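Asks: Dumping the structure here so I can ask a few things about it.
The values are calculated or read from the model by the stated rules, or taken from the named source; none is laboratory data. Note that the structure is predicted; figures quoted are calculated from it, not measured. FYI the Cβ positions are ideal-geometry reconstructions off the backbone, even for glycines, and counts take in every protein chain you see. Just the protein is used for accessible areas: all its heavy atoms, side chains included, with ligands, DNA and RNA removed. Shrake-Rupley method; radii C 1.70, N 1.55, O 1.52, S 1.80 Å.
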Amino acid sequence: MLVPGVPPLSLPALLTPEGKVLLPLAPVLELTGAPFEVDPERGRATVARPRGRGTATLDLPRRTVTAAERTPLGDDDAVTSAGEIHLSAAAVALLLEAEAEVDESVLRVVLTRDPPFPRQERLSIRERRERELLLARRPEASRQAGAVAFRPRTGGGVLEWGVSSLFPDAVLPSHAYARTGVGVLGGMLQVGASVNARTAGDPALGELTGSYLRVFPGSDLLRQLRVGDFVTEGLRARSLRGVGVTNAPFARDALFGEAVFAPRLPPGWEYELYQNGRLLGFSDASAASPLSVPLQYGSTPVQVRLYGPAGERVESQVVYLVPVLQIPEGRWQYAAGAGACPQRIECESAAYFDLRHGATRWLTLLGGVDRVADTAGVEYRPYGGASVLPAPSWVAEVQGMYRSFARASLQKHAGGTVSGGVSGGIAYPGSGAVTFLPSTGPRWHLDSSLRLHLGGAAGLNRSLDLTGRVEAPLEEEVDRWRVGVASGVGRVLLETAYESNPTLSGDVLFLRATAAVTRGVPR
């Protein structure tokens, strides 16, 4: 008995007076690896159909085989002998929905099927796993090299400049700038100047900027030092001219951490994990052990292949999300700084201290305080928040700052038929998004989005996007709302939205169609 790709099996067979070979059913089914049950006393047998699409049944009393359809058996196609059911090669092929080739000269029967038999698939899977794991280990050995030592060198630089002008113009000023950067003692020194002028009679307005950034990659306490003009860390980013320090790495780590993947599978099932076409690991049918998935910042798509005992094959994708606010488990990260506000529009001087901690792989806590000084005095604004990864493809964030804003969001990103999210918050004047609505007090807002991945159904191109927003002064009625929908038909993107806004002359309906035009480039 022979199944391609499977070690051959020698079986005792019966020979009818007409020369037809009858094979013992149970050993043949074991050779194929398909789940089965054989009851010789009742003259019945069941076997899983290809890819697990139900079962095929042998009924000896009725002399029938029922698979894709019911087929009668000949009188010499089946017999029970010595407590075991024997079938002809043709009857075995009917039961397994396969093809049988009989070579009587060498007493050989070959069974073939498309899709393959479960045992063929398992052997093929095992060979592929061994081959891919072997290939995956080779580059790892070549990368076993020590870290490159950081050497604080001086030298190298770049110069950038630009000029734009509609002179004379009373609205758009002429603008000229120049910036240069030089490596100094392993750090980056930047100096720049810009000039704006409107008309010949008006004085030119100039601005000088300068900063120095020094990185200490080997230190856990201090990794970055900034002096001069820089942008602050924390929940409120502002420009400062002063000093800032942090132990955050200058270049974000390639990997955030690892996630444990442990699906619940029915008995006899096994799975494989792939990332970017590379096999991460697998489990066999006897022990579905959990696997570790290396996570990177942003999205980490992982392909999952499930294999059933009857040759079932299911493929799906899981997307792990790691936002930039997330800190690896167990790590503490701080940032602090102080200086003058160059523009002196929002403040005269400011200082800040920001502290973040990776409490677990899925929970990052943050807190800090901003000190802002202006002509009205000094104000301290403490803040706090958390970033949570409740499940793959889900991200939840909560943030709040005293007398500034409070906001929360829950997002489900790509990884299925439906994605979207909801967010909302309260913002004091000057602390939230730019708005043209006159307001002297805090306003609240609520945003929602929903994306349906249609896959080209009903002539639509891949997805249907639904959006909505409502906002209003705190403890007052809604004074602005907007709903929208967008989708594509072929290469045309259709968008429509309806908005009610007191700053507009009545409610407004927006309609827009955008066509993508491509043209081949001759070679």
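Asks: What is the sum of charges around T514, taking Lys and Arg as +1, Asp and Glu as -1, for the other residues whose C-beta is under 12 Å from the C-beta of T514?
Replies: +1
Asks: Sticking with this one: Tell me, Kirkwood radius of segment 33-164 from alpha-carbon pair distances, in Å?
Replies: 20.0
Asks: If you don't mind, another one. What are the ³J(HN,Hα) values, in whole Hz, obtained from phi via the Karplus relation 6.51 cos²θ - 1.76 cosθ + 1.60 with θ = phi - 60°, for each residue of segment 180-195 in sequence order, with x given for Gly and Pro?
Replies: Residue by residue, segment 180-195 yields 9, x, 9, x, 10, 6, x, x, 10, 9, 10, 9, x, 8, 9, 9 Hz.
Asks: Would you mind checking which residues have amide H under 5 Å from G33's amide H? H placed 1.01 Å from N; only 5 or more apart, or other chain.
Replies: Counting only residues 5 or more places away or on other chains, the set is R119.
Asks: Here's another thing I want to ask about it. Relative contact order (percent) for segment 1-106, with alpha-carbon contacts under 8 angstrom and 6 or more residues of separation?
Replies: 22
Asks: Rounded to the nearest 0.05, what FRET efficiency do A262 and L355 give with R0 = 41 Å and r taken as the Cβ-Cβ distance? Could you check?
Replies: My answer for the efficiency is 0.80.
Asks: Which value in nm describes the separation of the simple spin-label points at S105 and A386, placed 7 Å from the Cα toward the beta carbon?
Replies: Label at S105, label at A386, 7.8 nm between them.
Asks: Let me ask another. With a sphere of radius 12 Å drawn around the Cβ of P342, what net charge do the other residues whose Cβ falls strictly inside it have (Lys, Arg +1; Asp, Glu -1)?
Replies: That sum, taken over residues with Cβ under 12 Å, equals -1.
Asks: Return, ordered by residue number, the residues of segment 9-41 whose backbone nitrogen is under 19 Å from a label point located 7 Å along Cα→Cβ of R62.
Replies: 37-41
Asks: Lys/Arg Cβ at +1, Asp/Glu Cβ at -1, dipole of the chain taken about the Cα centre: which of Q296, A259, L2 is farthest positive-ward?
Replies: Q296
Asks: Same structure again: Return the inverse of the average 1/r over all pairs of distinct C-alpha atoms in the chain, which is the Kirkwood hydrodynamic radius, in Å to one decimal.
Replies: Radius from the Kirkwood sum: 30.7 Å.
Asks: So how much slack lies between S409 and L466, counting 0.36 nm per residue of separation and subtracting their Cα-Cα distance, in nm?
Replies: 18.8 nm
Asks: Right, next: Ranked from highest to lowest mean number of other Cβ atoms within 10 Å per residue, what is the order of the peptides 401-412, 260-271?
Replies: 401-412, 260-271
Asks: Just the accessible area per residue of the chain, please: how many Å² with a 1.4 Å probe?
Replies: Accessible surface, normalised per residue, equals 58 Å².
Asks: Each label point is 7 Å from the Cα along the Cα-to-Cβ direction; what then is the distance between the points at R131 and S423, in nm?
Replies: In this crude label model, R131 to S423 measures out at 4.6 nm.
Asks: Could you calculate the contour length gain from L9 to L325, that is, 0.36 nm times the residue separation minus the distance between their Cα atoms, to one decimal place in nm?
Replies: 107.8 nm
Asks: Keeping the other protein chains in place, figure out the carbon and sulfur percent of the accessible area of the chain, with a 1.4 Å probe.
Replies: 57
Asks: Could you tell me which residue out of F150, V395, G441 lies farthest along the dipole of the chain toward its positive end? Charges go on the beta carbon: Lys and Arg +1, Asp and Glu -1, centred on the Cα centre.
Replies: Of the listed residues, the answer is F150.
Asks: About the Cα centre, and with charges only on the beta carbon of Lys, Arg (+1) and Asp, Glu (-1), how big is the dipole of the chain? Nearest 20 debye, please.
Replies: So the dipole magnitude of the chain works out to roughly 1540 debye.
Asks: In debye to the nearest 20, how big a dipole does segment 175-275 give about its Cα centre with +1 on each Lys and Arg Cβ and -1 on each Asp and Glu Cβ?
Replies: The calculated dipole for segment 175-275 is roughly 440 debye.
Asks: How large is the helix-only mean residue ellipticity at 222 nm for the chain, computed as the sum of -39500 (n - 2.57) over DSSP H runs with n ≥ 4, divided by its residue count, in deg cm²/dmol to the nearest 500?
Replies: Estimated from H runs of four or more residues: -2500 deg cm²/dmol.
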